[in-house]
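Data first, discussion second: the structure below is written as structure tokens.
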């Protein structure tokens, strides 16, 4: 029915199909690698602020600095004023004095410190911190063990599928509302039972609609 | 199909070739965008994109977070805050509430605490669009000094240094040779400074000029009531409103309040089956006219005569006049209604007498003072004064009229000696009477011009100083009802602009005082000691001063020479002559008197009646158009008093014969890029002898024509094939009935369309859980004022596309207002129905079914959601949308190659940094290549949802307001949850007048329209009902249930 030369096309066609399959798989895999999602992104900040020291060793609550996290979409980076609340009264040894120099400078001049954004969602995704931390999702779920980080880096992929994983199965991540900022909290019962109970109690029904985050 | 004919435009009605060509290409001509580019340009662009291809794979741009060094109290980054302020226009404050994100004002709404707005928080289109003016990159950014014919940028400090000495000299001379020209203002602070100026410099002269004003009302009430007054209409208390050329629903400082009161009186039809009646006698088709139950097209110069004839008719029928006006009875005899063929007057007189005490007669600001006097007299005699009409005594009774002021100024400028002229925000070179030749007059003197733009007046002034926008300034102003508001800034002046009070302080030798100190100073002087700070905080917070409204009065008619009043009306009257026209100058609905000409939102806003964008035109009646042999767009040569103007005609059904309406404010010569080459300067025909109406003018057909960018035929629902069928179906789309019909048959809407049995092939989604958002729009309330269109544009970052793109049908507005004419275009009684149309959020959405990439889907609340990131721009959805409410974005970040700001010459692909500040950060800024449409303001829904969930509470009905609903002065738009049977929207869905648009398509919209209602004196002889029974003469016979 077909001329003979078309026999070669079969091989060509199979080859092309195989190439497309590999290509698509390659692109998708690449999309999920930390290279593309920026897991581990750890820029040098203008102030060598150590979360490990402040949140870990000194045990400051996250909300001492990130005040708006329960009220607003943004957790907010604290104003220099907040730093000075303690540092005005703290004497540091000479080695560490240099570290707070930019803070003092900013406080003196009133010029803000330009921090580099690490957890950077695209502009068309509207994430709201308050809707999560007031509903049983701990800081550690998305930001990792900040209290052990000398320099903060991105711990989770922050991709849409990663968001949706949790929106589909919030039980895996829910915790009591008084343990939100506790980085080292461990459930005393199996997470699945606790999660299911908390989900019912807090009436958690995470939206999976596009309109939940995209407007 | 019998009954009233409904149609969209004359082009459609006559099936003109131009209209047909437009319809046949649903997305009109595409390839032109390419034709301009050469091969070289193509290669350049391709080369660039190849070069950029190598850059992919990097991390997205590094972003910084910049916290305050010291955060202000109560300020949470990213959380909007609202502040009360006010905008002064024409000397009257519009109370506003402005939303600010991180110090950037984003959205203007009405002040919902303000008593003048009846605590309803609505704002009109002009006030809402003012925010774009503030971010306008064309604003003047520094003082300019004119040297050798060139404007040289200077600083405020240099201005102070250079003008200090001459001003000191002037002060020493008692102000001799100092002339000040200002706009009308109700600011107590400005008045206090003016007082100071008059006491320190008694020889300085002050002139207050507005091209459009209520001076005739002042002068008319001065005749009739003995002192100048403002009229306050209590539209909610009136059963019969007769408007003589008064557009109180749109062109009025109290229009927002009036619209609310008027709509409430309309909506009584639902509760107690009564309704107010509106009779409008006017020349141009106004927004008020479009809501009339009876509208009579009369030349504007005939209107005073009609009013007198009505008075004569009322006297004949036994109306008792107060003794003070007894002389008028004799004088009125000359106005015999019969002889002048006003067939409707006897019936109108009967109706007025039947409703005495619950009627009101209003007269428009362009009618002569004498007409206002007669109206005040009639209102008194009909028992309206005190009940439906109240008066507010004018504060500045001694002020000369604006017309007198500008004439006196011209005289002073024409005299000997070089004078110092201080122009405060006014633009007399553009808007003063043409024969004064103001540019030449002003250039002979030393002028200092303070203004937002380096405009026409700045061009002939020695100094121009950039003014602060009202959102950047401290000030104070009074609303139409006299309530005092403090104007507080939302942001520090972007370009260090100055306010009028600061400039005046400088003239008085006070360079130190800021506007803040001056305004506080004015009011602290009046407050009892120790209480001022509390008073000030409360005034700022509330946006008004409690109890500061003027007292409403009901003065009796004063002794006046009524015979002289009537003589003046009679002598000014000339019967219509063949081939002769009157000219009527009207403030434009969008650019007002020209001051908003550089505002893209307003330029692109379709005029409520003509649907004209980016242009003005001479409105003429179809009969005159036929006689002159012109169609819309053909040029007319309009000549009056030796001046001529070439302007395209717009054939407006329902316009009075022998009359031409010329909207003011276009054809700006120096205003910014947006206003450039837009429209025609009608001020060039306007002289002191006819500031509003020119009685005698000649109009002939001019050479050539200009394509007018009207949107009325855009998004026509049908193809050429079904157009005839469609015309029959318009009564089904925009349904209308009379009150009588509504009483007889509450479900009259169902007679306007066939009810098909609607079957579903597959089970629809279940929306019984959670909210089910829906919207209801009451056509009986809607006046077409278009405040919702601007609200949507501001809230949702909707781009402006420019005239060229509007002509291609690419305008982007998410909500449009369809305007349908009803009745015979040649008859006087051409009606209008306004129908706001946004996405209908069909549960069974046709757009979703054709999207190949699932970029438009339903969410669990039943919203039809548009996912910009999935959209690949096939535009299938738009093709399949029966309502034509989807918009394809052709533009890069609001600015395409043909954007007005690019002048059509170069590719400006980004918003300027200043413009970006004005975007709403809660809504994605879309770029080229995606579809967009109404989202039911999903950002507002989500904000309330998150707050409700965080606080573990239910969402209250009315807590979520869409932007269009929030601002609707008529309360025509209601949004809410259908799953809550007690919600306002649920109740409206159950209203007898509710109907679904294109119900037979079974798309199950989440929108209901409530049919328009009219309240005519008599039922029409052919009620616009379906005369035929089901199944005959309507095409598709199959599927009928009967």
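Quick one: which of A:117, A:96 is within 10 Å of another protein chain (Cβ to nearest Cβ) and surrounded by 11 or more Cβ atoms within 10 Å (Cβ to Cβ)?
Exactly one of A:117, A:96 is within 10 Å of another protein chain (Cβ to nearest Cβ) and surrounded by 11 or more Cβ atoms within 10 Å (Cβ to Cβ), namely A:117.
Test of understanding: among A:86, A:62, which residue is at pLDDT 90 or above and either surrounded by 13 or more Cβ atoms within 10 Å (Cβ to Cβ) or away from every other protein chain (no Cβ under 14 Å) (or both)?
Details: A:86 fails: at pLDDT 90 or above.
Of A:86, A:62, the one residue that is at pLDDT 90 or above and either surrounded by 13 or more Cβ atoms within 10 Å (Cβ to Cβ) or away from every other protein chain (no Cβ under 14 Å) (or both) is A:62.
Residues being within 7 Å of chain B (Cβ to nearest Cβ) and either modelled with pLDDT under 90 or under 13 Å from the mean Cα position of the chain (by Cα) (or both) are represented in region A:127-139 by at least one member. Please indicate, with yes or no, whether at least one residue in region B:919-933 is more than 14 Å from every other protein chain (Cβ to nearest Cβ), farther than 22 Å from residue B:98 by Cα, touching a helix residue (DSSP H, G or I) at 6+ places or on another chain (Cβ under 9 Å) and modelled with pLDDT under 85. Looking for residues that are more than 14 Å from every other protein chain (Cβ to nearest Cβ), farther than 22 Å from residue B:98 by Cα, touching a helix residue (DSSP H, G or I) at 6+ places or on another chain (Cβ under 9 Å) and modelled with pLDDT under 85, one finds none in region B:919-933, hence no. On inspection, residue A:43 passes the criterion of being surrounded by fewer than 18 Cβ atoms within 10 Å (Cβ to Cβ) and either touching a strand residue (DSSP E or B) at 6+ places or on another chain (Cβ under 7 Å) or facing another protein chain (nearest Cβ under 10 Å) (or both). Out of all the residues in region A:147-180, which are buried (at least 20 other Cβ atoms within 10 Å of the Cβ) and assigned to a helix (DSSP H, G or I)? Result: A:147, A:163, A:170. Taking first residues from region B:934-950 that are more than 8 Å from chain A (Cβ to nearest Cβ) and partners that are crowded, with 24+ Cβ neighbours inside 10 Å and part of a helix (DSSP H, G or I), the Cβ contacts under 6 Å between residues at least 6 apart in sequence or on separate chains come to B:937/B:963. Within region B:619-640, the set of residues being closer than 16 Å to residue B:709 by Cβ and either part of a loop (DSSP other than H, G, I, E, B) or touching a helix residue (DSSP H, G or I) at 6+ places or on another chain (Cβ under 8 Å) (or both) comprises B:631, B:632, B:633. Number of residues in region A:172-193 that are away from chain B (no Cβ under 14 Å) and within 10 Å of residue A:136 (Cβ to Cβ): the value is 5. Taking the criterion of being more than 7 Å from every other protein chain (Cβ to nearest Cβ) and within 21 Å of the chain's Cα centre (by Cα), the residues of region A:65-83 that qualify are A:65, A:66, A:67, A:69, A:70, A:75.
For residue B:405, are the conditions met, namely being closer than 30 Å to residue B:226 by Cα and outside any helix (DSSP H, G or I)? Spell out how you get there, then give the answer.
On the way: closer than 30 Å to residue B:226 by Cα: yes; outside any helix (DSSP H, G or I): no.
So residue B:405 fails the test.
Only one entry of A:21, A:14, A:52 meets the criterion of being more than 11 Å from chain B (Cβ to nearest Cβ), at pLDDT 90 or above, more than 30 Å from residue B:80 (Cα to Cα) and buried (at least 16 other Cβ atoms within 10 Å of the Cβ), and that entry is A:52. The single condition among (1) farther than 22 Å from residue A:53 by Cβ; (2) more than 14 Å from chain B (Cβ to nearest Cβ); (3) assigned to a loop (DSSP other than H, G, I, E, B) that residue A:122 does not satisfy is (2). Would you confirm whether any residue within region A:36-48 is farther than 27 Å from residue A:154 by Cβ and modelled with pLDDT of 90 or more? No: zero hits. Condition check for residue A:185 on (1) closer than 30 Å to residue A:59 by Cβ; (2) free of Cβ contacts under 8 Å to residues at least 60 places away in the same chain; (3) outside any loop (DSSP other than H, G, I, E, B): one failure, at (3).
At least 3 residues being more than 14 Å from chain A (Cβ to nearest Cβ) and touching a residue at least 40 places away in the same chain (Cβ under 8 Å) is the threshold, and among the strands (runs of 3 or more DSSP E) wholly inside region B:778-889 those reaching it are B:816-822, B:831-837.
Only a single item in (1) farther than 27 Å from residue A:203 by Cα; (2) assigned to a helix (DSSP H, G or I); (3) modelled with pLDDT of 90 or more; (4) more than 11 Å from chain B (Cβ to nearest Cβ) is not met by residue A:107, and it is number (4).
Residues in region B:754-774 that are touching a helix residue (DSSP H, G or I) at 6+ places or on another chain (Cβ under 8 Å) and surrounded by 19 or more Cβ atoms within 10 Å (Cβ to Cβ): B:773, B:774.
Does region B:849-863 hold any residues that are on the phi > 0 side of the Ramachandran plot and surrounded by 18 or more Cβ atoms within 10 Å (Cβ to Cβ), and which are they? Don't jump to the end; show me each part of the working.
Initial filter on region B:849-863 (on the phi > 0 side of the Ramachandran plot): B:854, B:862.
Matches in region B:849-863: B:862 only.
In region B:138-148 there is no residue that is touching a strand residue (DSSP E or B) at 6+ places or on another chain (Cβ under 6 Å) and either modelled with pLDDT under 90 or farther than 22 Å from residue B:670 by Cα (or both).
The values are calculated or read from the model by the stated rules, or taken from the named source; none is laboratory data. All figures in this text were calculated on a predicted structure; none of them were measured in a lab. For neighbour counting, all protein chains shown are included, and Cβ atoms are generated from backbone atoms with ideal geometry for every residue, glycine included.
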